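Okay, so here's the structure we're looking at.
Computed from the coordinates by the stated procedures, all read-outs in this text should not be read as laboratory data. Here the structure is a predicted model, which is why all the values come from computation and not from measurement. Note that each Cβ is placed from the backbone with ideal geometry, even for glycine, and that neighbours are counted across all protein chains shown.
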Amino acid sequence: MLLRFSAFCCLTRAADRAWEAAPLAETGDEEAASTTAALLIGSHTSLLAYDIERNADLFYVDVQEGITAMAIGMIGYLEKPLVFVGGSCSVLGFDYKGNESYWTVSGDNVSSLMVLDIDSDGVKELVVGSDDAEIRVFRGESVLHEVDTFCASGSLHNMPTRIVDSLTLMCV
């Protein structure tokens, strides 16, 4: 049987300590909370969070729209970091227990995701690239900005003064 993963993301100790440590911090095990590392695997039908050091699943959730892009972070009003996954016209956010804590609609199939402070106000936004050649910036579930590009979005890159879409650069 051949497994094909459409997206994956590895959380390392430096990536987002709050997301990794949250389930262990609740147990009071401070040493474990500071050393845990997790691997997130997104497929066409599901999201798996795996504790690498303990060799155990953290959670498994079905994602009917599939997963084509993934990002980790805390945006706007949210009180905890989430793993954001994009699929067929929507973006979902899951907490460290696998609970769906965020949902919004994108214009087309999501091809890339990024969490960053786009307007330097100290609050991070969710940047979504999609197959309809649009890059949307979400503050919460509301669209803050929408940029039309020349072709479907590939991977988004944070540069000092702008966000660059790698496929748009190739299409120009």
Problem - Residues listed by number, region 61-91, amide nitrogen under 19 Å from Glu146 label point at 7 Å toward C-beta - result: 87-91
Exercise for the section: Using the Karplus curve 6.51 cos²θ - 1.76 cosθ + 1.60 with θ = phi - 60°, work out ³J(HN,Hα) for each residue of region 96-102 in order, rounded to whole Hz, and write x for Gly and Pro. Expected result: 5, 9, x, 7, 6, 10, 8
Handout entry: For region 86-128, size of Cβ-based charge dipole, Lys and Arg +1, Asp and Glu -1, in debye
Key = 200
